[in-house]
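Structure first, commentary second.
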Ligand SMILES: *Cc1c(COP(=O)(O)O)cnc(C)c1O
């Protein structure tokens, strides 16, 4: 089969191996004489599969037996924008948000519908080209009335990524890691909770992984929140309070196993840096034909964004790339330009080929 070079922003490229394993489970799951899609979520094989997925994710990030749980939830990362506020924003407390792109703004706006939320630092005045100084903003914060501080670790639409995360002491730090989870080694323990819609680095759409520290879970036991929206409900029922997206969780499990086989998070970090360098070199070596949108120190290793001299050339670039076998390169409709999303499932070879195409396009049209 001829696989397209897939730079889609999400849902995004998955390794062929993972897709093939998933295909097999469609017809017969583990010799059960039925598809995984046909099995009860409360059957032993499915219960075991979900428990194993939780274990594998914690294992990959070194948080096994470290007091964290993984909840498998629905509604995407967007549902978490509201749910985390519903669960954690108790009366008299304030959720404090670092604004670094449009998803972080959405998270903040959803919190405002639930309770008190404030902006801790913002990069909006730079058109999201530069990340705000989180260290400085957090340093000024005392525990007091802060329920939590929220940061979007990688800004999928704009193409920027935080490189370090501060020690927030007693303040729970919460991360939206949807577009860069498992792509690099970070000090995961700095976060009291982080969440990721699966469709970028973890598998297909339909499930969101919420990794939450047990003390925060206990603090989030707010009986005013309907049971189906309570984190504690998912934790105490091992994500089986209601019918979870079983097959999406299984695909995540396959993706986690693939990540481990490839060398784990450390290998993903090396590979991501290599892939991103290929694209940024093509941009920086183009004599100004391609212009990176984000300032260099803040550039993302997951979503590279850039502009061409005018919109007509950008349109031509996307069209010619598509014809040459490169999919998903148009920038987000809210910002335009070009975006190459190079999540864990995108092979190095795809980035090498795209860099080659960029150089060729520049020579012809620059
Ligand atoms: C994709 C994305 C979202 C939105 O995810 P949904 O699952 O579509 O709700 C939120 N935050 C970040 C950082 C993302 O990359």
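Only one of the numbered conditions (1) touching a strand residue (DSSP E or B) at 6+ places or on another chain (Cβ under 9 Å); (2) surrounded by fewer than 16 Cβ atoms within 10 Å (Cβ to Cβ) is not met by residue 44, and that is (1).
Checking each residue in region 125-144 for being modelled with pLDDT under 95 and either under 16 Å from residue 80 (Cα atoms) or within 16 Å of the ligand (Cβ to nearest atom) (or both) picks out only 134.
Quick check: anything in region 96-113 farther than 30 Å from residue 224 by Cα, surrounded by fewer than 16 Cβ atoms within 10 Å (Cβ to Cβ) and without any contact (Cβ under 8 Å) to a residue 60 or more places away in the chain? Checked region 96-113: no residue is farther than 30 Å from residue 224 by Cα, surrounded by fewer than 16 Cβ atoms within 10 Å (Cβ to Cβ) and without any contact (Cβ under 8 Å) to a residue 60 or more places away in the chain.
Mind listing just one residue for me: the one in region 166-183 that is within 15 Å of the ligand (Cβ to nearest atom) and in a loop (DSSP other than H, G, I, E, B) and, of those, surrounded by the most Cβ atoms within 10 Å (Cβ to Cβ)? Of everything passing the filter in region 166-183, 181 is surrounded by the most Cβ atoms within 10 Å (Cβ to Cβ).
Every condition in (1) under 18 Å from residue 102 (Cβ atoms); (2) more than 11 Å from the ligand (Cβ to nearest atom); (3) crowded, with 24+ Cβ neighbours inside 10 Å holds for residue 193 except the one numbered (1).
Check whether at least one residue in region 145-160 is within 17 Å of the chain's Cα centre (by Cα), within 16 Å of the ligand (Cβ to nearest atom) and over 30 Å from residue 337 (Cβ atoms), and report yes or no. No, because not a single residue in region 145-160 is within 17 Å of the chain's Cα centre (by Cα), within 16 Å of the ligand (Cβ to nearest atom) and over 30 Å from residue 337 (Cβ atoms). Residue under question is residue 66, and the condition is that it be within 16 Å of the ligand (Cβ to nearest atom) and modelled with pLDDT of 95 or more; does it hold? No: the conditions fail for residue 66. Inspection of region 231-248 finds no residue satisfying the criterion of being in contact with a strand residue (DSSP E or B) (Cβ under 9 Å, 6 or more places away or on another chain), under 17 Å from residue 60 (Cβ atoms) and within 16 Å of the ligand (Cβ to nearest atom). Just one of 239, 300, 272, 286 is assigned by TED's automatic domain parsing to the domain that holds residue 214 and buried (at least 17 other Cβ atoms within 10 Å of the Cβ); which is it? Of 239, 300, 272, 286, the one residue that is assigned by TED's automatic domain parsing to the domain that holds residue 214 and buried (at least 17 other Cβ atoms within 10 Å of the Cβ) is 239. Name the single residue, out of those in region 308-330 being buried (at least 19 other Cβ atoms within 10 Å of the Cβ) and in contact (Cβ under 8 Å) with a residue 24 or more places away in the chain, that is farthest from residue 13 (Cα to Cα). Among them, the one singled out is 308.
Regarding region 223-242, can at least one residue be identified that is modelled with pLDDT of 95 or more, under 20 Å from residue 150 (Cβ atoms) and under 17 Å from the mean Cα position of the chain (by Cα)? Within region 223-242 (the criterion being modelled with pLDDT of 95 or more, under 20 Å from residue 150 (Cβ atoms) and under 17 Å from the mean Cα position of the chain (by Cα)), the answer is no, since none of the residues qualifies.
The values are calculated or read from the model by the stated rules, or taken from the named source; none is laboratory data. Since the model is a prediction, treat every value here as computed from it, not as a measurement. For neighbour counting, all protein chains shown are included, and Cβ atoms are generated from backbone atoms with ideal geometry for every residue, glycine included.
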